[in-house]
Structures are given as C-alpha cells and as structure tokens.
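Peer 1: Below is a structure I'd like to ask you about.
The values are calculated or read from the model by the stated rules, or taken from the named source; none is laboratory data. The structure presented is a predicted model; accordingly, all values stated were derived computationally and were not measured. Positions of Cβ are backbone-derived with ideal geometry, glycine not excepted, and every protein chain shown enters the neighbour counts.
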Amino acid sequence: MRNRKTALLALLAFTLAACGTLNIGMKPFNQMTPKEKSTYFMGVYNKQYADTMAMASMPNLVEQQKKVVRAKKDILTKAWPMIQAYDAIAVGGGTPSPAAEDAINNLINQLILVGATQ
C-alpha cells in the first residue's frame, strides 16, 4: 500500500513538473504558427509517452496503475497519426484545420487527465 502511494505521488509530482514547464517562454497557443503548434504537440506527446513507458516498466504495478497505462497507450496510439499529419501539413507550408488542432488538443488533455484522475 505504501509503495502504491509513493508511486502515485511520484507520478503526480512528475506530471505537475512536466505541465509546469510547458509554458515557460511560450507565447499563447492562439498566437503560435502551425510549425510551433506542431512542436508543442510533439513535445507534450513525447513527455506523456516517456511517462507511460516509465510507468509500464515498473515491476509492481497495481491494477489501477495498469488501467492508467492501458488508457494512456490507447490515447497515444490515436494521437500519433494525427500529430504526424498535422506536422506534415505545417512543415509543407500549409495551414492545418482548426478541427485537427481541436482533436489533437482533446487527446492531449485526455492524456494529462488520465494520469491525474486515476
């Protein structure tokens, strides 16, 4: 029981630290160029991926932690092709649709919330 609490506190601290550093030196999202938004999406994705892999590699996960890992894996699997497509359009000089941005932002929010609420 103590290990579970310690692991959850460590996960929460890591998530808060990661989220707290995301806005340092960044302009507001609505003022970013498509390339900057793509970089932001990839940065958040990579941090969440690393967090999920670290959690999944823990040898003594409890069932609740396993559910979090499974949920995050599912969201990561959905988000990656969308982020790649967004990046391809942005790098090519195009302007991705606001619907694509909203969809990716929704998945990123789900990723962050899944770790914090469960």
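Peer 1: Being in contact (Cβ under 8 Å) with a residue 40 or more places away in the chain and over 13 Å from residue 104 (Cα atoms) is the filter; apply it to segment 35-53 and report the residue that is surrounded by the fewest Cβ atoms within 10 Å (Cβ to Cβ). Please lay out each step first, then the result.
Peer 2: So in segment 35-53, the residues in contact (Cβ under 8 Å) with a residue 40 or more places away in the chain come out as 35, 37-38, 41-42, 44-45, 48, 51.
Still in the list and also over 13 Å from residue 104 (Cα atoms): 35, 48, 51.
Working: 35: 12, 48: 23, 51: 20.
Of everything passing the filter in segment 35-53, 35 is surrounded by the fewest Cβ atoms within 10 Å (Cβ to Cβ).
Peer 1: Does segment 61-107 hold any residues that are touching a Lys or Arg at 6+ places or on another chain (Cβ under 8 Å) and hydrophobic (A, V, I, L, M, F, W, C), and which are they?
Peer 2: Result: 62, 90, 91, 107.
Peer 1: Quick one: which residue in 73, 5 is at pLDDT below 95 and in a helix (DSSP H, G or I)? So that I can check it myself, show each step before the final result.
Peer 2: Numbers: 73 fails: at pLDDT below 95.
Of 73, 5, the one residue that is at pLDDT below 95 and in a helix (DSSP H, G or I) is 5.
Peer 1: Could you list, in sequence order, all residues of segment 79-102 that are part of a helix (DSSP H, G or I), loosely packed, with under 13 Cβ neighbours inside 10 Å and touching a residue at least 24 places away in the same chain (Cβ under 8 Å)?
Peer 2: 91
Peer 1: On to the next question. What's the number of the condition residue 64 fails, among (1) surrounded by 17 or more Cβ atoms within 10 Å (Cβ to Cβ); (2) over 25 Å from residue 34 (Cα atoms)?
Peer 2: Failed condition: (1).
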